[in-house]
Amino acid sequence: GPANGLLEKHFSGNQRGLTPRVFELLFAGISEEQVKHAERQLNYQCRCSVLEIYNEQITDLLDPSKKKLMIREDVKSGVYVENLTEGYVKNLKDLSQLLIK
């Protein structure tokens, strides 16, 4: 999508990119699950990180000063990038602000 596709006024437009659409579905699914299982008082926590892999080097796009990050694997956690910045997001607006950063 266009660079301004993450701005709040474009959330519902046809020019939105893939990322806003995927997260819109994610947050809609979370909301649906919370309503469906209201008696269990489910709580969800969403964290978002953004990285770039270029020429075999990993850069943290939320903190570009972090370069040369390493991919690790853990039996419990699976594959992850060591020291990658994570931001907590509660809704599409939070996510958009994080991605604009």
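The values are calculated or read from the model by the stated rules, or taken from the named source; none is laboratory data. Because the structure is predicted, anything quoted here is derived from the model rather than measured. Positions of Cβ are generated from backbone atoms using ideal geometry, with glycine treated the same way; all protein chains shown enter the neighbour counts. The protein model used for the area step is the full one, side chains on, heavy atoms only, and it has no ligands, DNA or RNA in it. Shrake-Rupley method; radii C 1.70, N 1.55, O 1.52, S 1.80 Å.
Details
Residues are listed down the side, and each one gets a yes or a no for (1) in a loop (DSSP other than H, G, I, E, B); (2) touching a strand residue (DSSP E or B) at 6+ places or on another chain (Cβ under 7 Å); (3) within 26 Å of Pro20 (Cβ to Cβ):
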residue	(1), (2), (3)
Arg47	no, yes, yes
Ile53	no, no, yes
Ile58	no, yes, yes
Leu62	yes, yes, yes
Lys68	yes, yes, no
Val79	no, yes, yes
Thr85	yes, yes, yes
Lys93	no, no, yes
Leu99	no, no, yes
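- Selected residue (criterion: nearest to the chain's Cα centre (by Cα)) from residues of segment 30-66 that are under 18 Å from Ser96 (Cα atoms) and open to solvent by 100 Å² or more (accessible area, probe 1.4 Å): Arg47
- Selection count where residues are at pLDDT 65 or above, open to solvent by less than 80 Å² (accessible area, probe 1.4 Å), touching a Gly at 6+ places or on another chain (Cβ under 9 Å) and assigned to a helix (DSSP H, G or I), scope segment 1-29: 2
- Unmet criterion (only one of (1) at pLDDT below 85; (2) farther than 26 Å from Tyr80 by Cα; (3) not hydroxyl-bearing (Ser, Thr, Tyr)) for Asn43: (2)
- Restricting segment 67-92 to residues that are surrounded by 13 or more Cβ atoms within 10 Å (Cβ to Cβ) and either among the β-branched types (Val, Ile, Thr) or at pLDDT below 90 (or both), the residue that is farthest from Ser31 (Cα to Cα) is Val81.
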